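Structure, as C-alpha coordinates:
The values are calculated or read from the model by the stated rules, or taken from the named source; none is laboratory data. Remember, predicted model here, so these are calculated numbers, not experimental data. All Cβ positions, glycine included, derive from the backbone under ideal geometry; neighbour counts span all protein chains shown. The protein model used for the area step is the full one, side chains on, heavy atoms only, and it has no ligands, DNA or RNA in it. Shrake-Rupley method; radii C 1.70, N 1.55, O 1.52, S 1.80 Å.
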Amino acid sequence: MGLPIDTIKELGRLFWTFLKVGPSSFGGGYAMMPVIERECVEKRQWLKEEEMAEILSLASTAPGGVGVNTAAFVGYRKAGIWGAVAAIAGMTLPTFVIVIMLSLAYLTWRDEPKVAAALKGVHAAVIALILMAAYRMAKAAIFDVATTCVTVAALLLLIMTDINPFYVILLGAAVGIIVVKGKQWFGIEVSTERKGAATSPQLLEPEYFI
(Lines give C-alpha, C1' and ligand atoms only; values in the text may rest on other atoms or scores of the structure.)
Protein backbone atom coordinates (compact mmCIF):
# COMPACT_ATOMS: atom_id res chain seq x y z
CA MET A 1 0.00 0.00 0.00
CA GLY A 2 1.43 3.38 -1.04
CA LEU A 3 1.92 6.44 1.12
CA PRO A 4 -0.97 8.92 1.45
CA ILE A 5 -0.73 11.95 -0.83
CA ASP A 6 -0.41 14.32 2.17
CA THR A 7 2.55 12.33 3.45
CA ILE A 8 4.21 12.41 0.03
CA LYS A 9 3.77 16.19 -0.10
CA GLU A 10 5.26 16.50 3.38
CA LEU A 11 8.23 14.37 2.33
CA GLY A 12 8.70 16.60 -0.70
CA ARG A 13 8.70 19.72 1.48
CA LEU A 14 11.27 18.15 3.82
CA PHE A 15 13.49 17.11 0.93
CA TRP A 16 13.32 20.53 -0.74
CA THR A 17 13.92 22.42 2.51
CA PHE A 18 17.06 20.49 3.37
CA LEU A 19 18.17 20.50 -0.27
CA LYS A 20 18.36 24.29 0.10
CA VAL A 21 20.15 24.01 3.43
CA GLY A 22 22.79 21.56 2.15
CA PRO A 23 24.85 24.06 0.09
CA SER A 24 25.28 26.25 3.19
CA SER A 25 27.29 23.56 4.97
CA PHE A 26 30.74 25.08 4.35
CA GLY A 27 32.56 24.79 7.64
CA GLY A 28 30.66 21.81 8.99
CA GLY A 29 27.33 21.16 10.62
CA TYR A 30 27.39 23.96 13.19
CA ALA A 31 27.90 26.54 10.45
CA MET A 32 24.54 25.59 8.91
CA MET A 33 22.57 25.75 12.16
CA PRO A 34 21.35 29.35 11.64
CA VAL A 35 20.01 28.36 8.22
CA ILE A 36 18.27 25.23 9.54
CA GLU A 37 16.70 27.24 12.35
CA ARG A 38 15.51 29.93 9.95
CA GLU A 39 13.89 27.36 7.68
CA CYS A 40 12.34 25.08 10.33
CA VAL A 41 11.45 27.59 13.04
CA GLU A 42 10.94 31.00 11.49
CA LYS A 43 9.79 30.38 7.93
CA ARG A 44 7.89 27.08 8.11
CA GLN A 45 7.17 27.06 11.87
CA TRP A 46 7.63 23.30 12.08
CA LEU A 47 9.23 23.65 15.50
CA LYS A 48 9.45 26.14 18.33
CA GLU A 49 12.80 27.75 19.13
CA GLU A 50 13.09 25.76 22.37
CA GLU A 51 12.39 22.50 20.52
CA MET A 52 15.05 23.35 17.95
CA ALA A 53 17.58 23.92 20.73
CA GLU A 54 16.72 20.52 22.23
CA ILE A 55 17.07 18.82 18.85
CA LEU A 56 20.44 20.46 18.30
CA SER A 57 21.60 19.24 21.71
CA LEU A 58 20.58 15.68 20.85
CA ALA A 59 22.12 15.94 17.37
CA SER A 60 25.41 17.11 18.92
CA THR A 61 25.61 14.12 21.25
CA ALA A 62 24.71 11.48 18.65
CA PRO A 63 27.39 9.93 16.41
CA GLY A 64 27.83 11.48 12.98
CA GLY A 65 27.62 14.98 11.57
CA VAL A 66 25.47 17.40 13.56
CA GLY A 67 23.83 18.80 10.42
CA VAL A 68 22.72 15.39 9.14
CA ASN A 69 21.62 14.37 12.64
CA THR A 70 19.53 17.52 12.95
CA ALA A 71 17.92 16.85 9.57
CA ALA A 72 17.10 13.31 10.68
CA PHE A 73 15.50 14.49 13.93
CA VAL A 74 13.43 17.18 12.20
CA GLY A 75 12.36 14.81 9.43
CA TYR A 76 11.37 12.09 11.90
CA ARG A 77 9.46 14.63 13.96
CA LYS A 78 7.46 15.70 10.90
CA ALA A 79 6.89 12.44 8.99
CA GLY A 80 8.42 9.49 10.83
CA ILE A 81 11.09 7.24 9.30
CA TRP A 82 10.37 8.34 5.73
CA GLY A 83 10.59 11.95 6.83
CA ALA A 84 14.04 11.32 8.28
CA VAL A 85 15.11 9.62 5.03
CA ALA A 86 13.80 12.52 2.91
CA ALA A 87 15.51 15.14 5.08
CA ILE A 88 18.84 13.29 5.09
CA ALA A 89 18.69 12.77 1.31
CA GLY A 90 18.02 16.47 0.78
CA MET A 91 20.82 17.47 3.14
CA THR A 92 23.51 15.17 1.74
CA LEU A 93 22.82 15.29 -2.01
CA PRO A 94 24.04 18.86 -2.71
CA THR A 95 26.93 18.42 -0.29
CA PHE A 96 28.07 15.29 -2.13
CA VAL A 97 27.93 17.05 -5.50
CA ILE A 98 29.69 20.17 -4.19
CA VAL A 99 32.49 18.14 -2.57
CA ILE A 100 33.15 16.28 -5.83
CA MET A 101 33.25 19.55 -7.80
CA LEU A 102 35.46 21.30 -5.23
CA SER A 103 37.84 18.35 -5.13
CA LEU A 104 38.30 18.49 -8.89
CA ALA A 105 38.71 22.28 -8.81
CA TYR A 106 41.18 22.14 -5.93
CA LEU A 107 43.36 19.55 -7.66
CA THR A 108 43.43 21.79 -10.73
CA TRP A 109 44.00 25.23 -9.16
CA ARG A 110 45.35 24.52 -5.67
CA ASP A 111 48.65 26.35 -6.37
CA GLU A 112 46.92 29.55 -7.50
CA PRO A 113 47.44 32.46 -5.03
CA LYS A 114 43.89 33.68 -5.59
CA VAL A 115 42.47 30.32 -4.56
CA ALA A 116 44.49 30.37 -1.32
CA ALA A 117 43.27 33.91 -0.61
CA ALA A 118 39.66 32.91 -1.26
CA LEU A 119 39.92 29.99 1.17
CA LYS A 120 41.17 32.34 3.91
CA GLY A 121 38.09 34.49 3.35
CA VAL A 122 35.88 31.41 3.61
CA HIS A 123 37.52 30.49 6.93
CA ALA A 124 36.62 33.89 8.38
CA ALA A 125 33.02 33.64 7.17
CA VAL A 126 32.66 30.15 8.68
CA ILE A 127 33.78 31.46 12.07
CA ALA A 128 31.04 34.08 11.90
CA LEU A 129 28.42 31.43 11.09
CA ILE A 130 29.53 29.24 14.00
CA LEU A 131 29.44 32.20 16.39
CA MET A 132 25.94 33.03 15.18
CA ALA A 133 24.82 29.46 15.83
CA ALA A 134 26.34 29.59 19.33
CA TYR A 135 24.55 32.87 20.04
CA ARG A 136 21.17 31.53 18.93
CA MET A 137 21.63 28.39 21.05
CA ALA A 138 22.72 30.43 24.06
CA LYS A 139 19.56 32.56 23.90
CA ALA A 140 17.41 29.47 24.25
CA ALA A 141 19.62 27.38 26.55
CA ILE A 142 21.03 29.88 29.07
CA PHE A 143 18.22 31.37 31.13
CA ASP A 144 19.15 31.13 34.84
CA VAL A 145 22.06 30.84 37.25
CA ALA A 146 22.33 27.04 36.92
CA THR A 147 22.51 27.00 33.11
CA THR A 148 24.97 29.90 33.16
CA CYS A 149 27.25 28.09 35.61
CA VAL A 150 27.10 24.83 33.63
CA THR A 151 27.93 26.69 30.41
CA VAL A 152 30.91 28.50 31.93
CA ALA A 153 32.20 25.35 33.63
CA ALA A 154 31.90 23.29 30.44
CA LEU A 155 33.69 25.96 28.41
CA LEU A 156 36.53 26.17 30.93
CA LEU A 157 36.89 22.39 31.00
CA LEU A 158 37.11 22.22 27.21
CA ILE A 159 39.61 25.10 27.00
CA MET A 160 41.86 24.23 29.93
CA THR A 161 41.88 20.43 29.81
CA ASP A 162 42.07 17.61 27.29
CA ILE A 163 38.83 16.03 28.51
CA ASN A 164 36.75 14.24 25.91
CA PRO A 165 33.66 16.34 25.00
CA PHE A 166 31.53 13.23 25.53
CA TYR A 167 32.28 13.33 29.25
CA VAL A 168 31.49 17.05 29.38
CA ILE A 169 28.08 16.28 27.87
CA LEU A 170 27.46 13.52 30.39
CA LEU A 171 28.53 15.79 33.25
CA GLY A 172 26.21 18.54 32.02
CA ALA A 173 23.30 16.10 31.85
CA ALA A 174 24.03 14.84 35.37
CA VAL A 175 24.24 18.36 36.77
CA GLY A 176 20.95 19.26 35.07
CA ILE A 177 19.18 16.29 36.64
CA ILE A 178 20.64 17.06 40.08
CA VAL A 179 19.62 20.73 39.89
CA VAL A 180 16.05 19.96 38.82
CA LYS A 181 15.60 17.22 41.42
CA GLY A 182 17.12 19.46 44.08
CA LYS A 183 14.72 22.29 43.28
CA GLN A 184 11.79 19.89 43.37
CA TRP A 185 12.99 18.53 46.71
CA PHE A 186 13.09 22.02 48.27
CA GLY A 187 9.81 23.07 46.64
CA ILE A 188 11.42 25.63 44.32
CA GLU A 189 9.76 26.39 41.00
CA VAL A 190 11.45 24.47 38.17
CA SER A 191 11.81 25.99 34.72
CA THR A 192 13.44 24.24 31.76
CA GLU A 193 13.19 27.12 29.29
CA ARG A 194 13.42 30.88 29.21
CA LYS A 195 10.26 32.59 30.42
CA GLY A 196 8.44 34.54 27.74
CA ALA A 197 10.33 32.82 24.93
CA ALA A 198 8.94 33.77 21.55
CA THR A 199 6.96 31.05 19.87
CA SER A 200 6.94 32.68 16.45
CA PRO A 201 10.14 34.71 16.03
CA GLN A 202 10.32 37.11 13.14
CA LEU A 203 12.61 36.61 10.20
CA LEU A 204 15.27 39.25 10.75
CA GLU A 205 18.20 37.90 8.79
CA PRO A 206 18.58 38.56 5.04
CA GLU A 207 17.08 35.84 2.87
CA TYR A 208 19.36 33.50 0.92
CA PHE A 209 18.86 31.96 -2.50
CA ILE A 210 20.11 28.95 -4.43
Subset of region 35-68, residues of a type in the set (Phe, Trp, Tyr) and at pLDDT below 85, comes to none
Looking only at region 37-48, which residues are open to solvent by less than 30 Å² (accessible area, probe 1.4 Å) and closer than 30 Å to Leu171 by Cβ?
-> Glu37, Cys40, Val41, Leu47
Return the pairs, sorted by first residue and then second, in which the second residue is in a helix (DSSP H, G or I) and hydroxyl-bearing (Ser, Thr, Tyr), the first residue lies in region 137-161 and is without any contact (Cβ under 8 Å) to a residue 12 or more places away in the chain, the beta carbons are less than 7 Å apart, and the residues are 6+ apart or on different chains.
-> Ile142/Thr148; Ile142/Thr151
Determine if region 156-164 includes at least one residue that is in a helix (DSSP H, G or I), of a type in the set (S, T, N, Q) and either out of contact with any helix residue (DSSP H, G or I) (no Cβ under 8 Å at 6 or more places or on another chain) or over 22 Å from Ala59 (Cβ atoms) (or both).
-> no
Would you point out which residue out of Gly75, Gly67, Gly83 is open to solvent by less than 20 Å² (accessible area, probe 1.4 Å), assigned to a helix (DSSP H, G or I) and more than 12 Å from Phe15 (Cα to Cα)?
-> Gly67
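Quick one: in region 1-34, which of the residues that are of a type in the set (S, T, N, Q) and surrounded by 19 or more Cβ atoms within 10 Å (Cβ to Cβ) is modelled with the lowest pLDDT? Lay out the reasoning, then the answer.
Step one: of region 1-34, the residues of a type in the set (S, T, N, Q) are 7, 17, 24-25.
Filter again for surrounded by 19 or more Cβ atoms within 10 Å (Cβ to Cβ), leaving 17, 24-25.
Working: Thr17: 92, Ser24: 68, Ser25: 62.
If we take residues in region 1-34 being of a type in the set (S, T, N, Q) and surrounded by 19 or more Cβ atoms within 10 Å (Cβ to Cβ), then Ser25 is modelled with the lowest pLDDT.
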A careful count of residues in region 156-185 that are open to solvent by 80 Å² or more (accessible area, probe 1.4 Å) and of a type in the set (D, E, K, R) gives 2
Kindly indicate whether Trp109 is hydrophobic (A, V, I, L, M, F, W, C), more than 25 Å from Lys9 (Cα to Cα) and touching a helix residue (DSSP H, G or I) at 6+ places or on another chain (Cβ under 9 Å).
-> yes
